[in-house]
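The values are calculated or read from the model by the stated rules, or taken from the named source; none is laboratory data. Note that the structure is a prediction, hence the values are computed from the model and not measured. Cβ: placed from backbone, ideal geometry, glycine included. Neighbour counts: every protein chain shown. In case anyone asks, the SASA skips ligands and DNA or RNA and just uses the protein heavy atoms, side chains included. Shrake-Rupley method; radii C 1.70, N 1.55, O 1.52, S 1.80 Å.
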Amino acid sequence: VVNVQGRDPLIARSAVVGALERVTRERDDVGTSAAPLSPGELADANRVKVAVDGRGRALAFFRTPRAPACARHDAIFRHVGVYAYRAAGLRRWLALPPTPEEGDEGLEQLRPLAHGMRIGVAVQDEPAAPGVDTEADIVAVEAQLAARLTPGGSPGFSRPGLTPGATPGSTGERG
């Protein structure tokens with residue numbers, strides 16, 4: 001079973017394949033993916049980070065600018081929104097009770113981690129494609145989608161309810 005989070009519409013194929021390989025080859029309970037942090041992402045609470053051990057397994061997921069004590073600085077990455085599981089692993093996750101950490105951080109992956117499930121992390125060499133964590137991210141992702149989805153990369157992607165080329169508040173809005 002693969003779950004690609006909607007906030008990562010530009011996810012790289014290698015991130016999905018890597019998450020699957022963590023479950024199929026490495027026999028982890030859950031597979032996910034991560035990429036190198038870009039400058040400033042460690043301090044950005046909108047970006048989910050993951051600390052990874054020497055076997056490629058998640059030690060912690062966090063949003064805060066300060067990494068957990070268990071994390072080596074060179075083993076902290078930007079989490080990419082993909083999960084892979086075998087059906088039994090997904091059923092196990094869903095049966096687990098929520099944890100306080102999951103609620104505090106707003107990170108669902110803290111539940112299986114706190115209950116001892118192994119989350120394997122496929123670390124990518126390339127930076128992650130932009131995800132949608134803020135309003136500003138929407139604009140950046142829309143621009144990339146427009147370039148990919150229209151012939152010659154010309155603008156043509158618009159938000160639902162807008163005529164092509166219109167922006168919210170302009171006369172191009174549809175009611």
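Annotations
- Residue, nearest to Asp28 (Cα to Cα), within the stretch 73-95, restricted to residues that are among the aliphatic types (A, V, I, L, M) and in a strand (DSSP E or B): Ala84
- Among the residues of the stretch 30-43, just one is open to solvent by less than 30 Å² (accessible area, probe 1.4 Å) and modelled with pLDDT under 95, namely Glu41.
- Asp137 passes every criterion in (1) outside any loop (DSSP other than H, G, I, E, B); (2) open to solvent by 30 Å² or more (accessible area, probe 1.4 Å); (3) modelled with pLDDT of 85 or more apart from (2).
- The stretch 47-58, residues that are surrounded by fewer than 20 Cβ atoms within 10 Å (Cβ to Cβ) and outside any loop (DSSP other than H, G, I, E, B): Arg57
- Here Arg111 does not qualify as outside any loop (DSSP other than H, G, I, E, B), modelled with pLDDT of 95 or more and open to solvent by 60 Å² or more (accessible area, probe 1.4 Å).
- Identity of the residue in the stretch 16-26, of a type in the set (Val, Ile, Thr) and farther than 19 Å from Gly6 by Cβ, that ends up surrounded by the most Cβ atoms within 10 Å (Cβ to Cβ): Val23
- For the stretch 109-121, the set of residues classified as without any contact (Cβ under 8 Å) to a residue 60 or more places away in the chain and in contact with a strand residue (DSSP E or B) (Cβ under 9 Å, 6 or more places away or on another chain) consists of Leu110, Leu113, listed by residue number.
A quick yes/no check of all residues on (1) acidic (Asp, Glu); (2) open to solvent by 60 Å² or more (accessible area, probe 1.4 Å); (3) in contact with a His (Cβ under 6 Å, 6 or more places away or on another chain); (4) at pLDDT 95 or above:
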site	(1), (2), (3), (4)
Pro9	no, yes, no, no
Asp28	yes, no, no, yes
Ala45	no, no, no, no
Phe62	no, no, no, no
Pro68	no, no, no, no
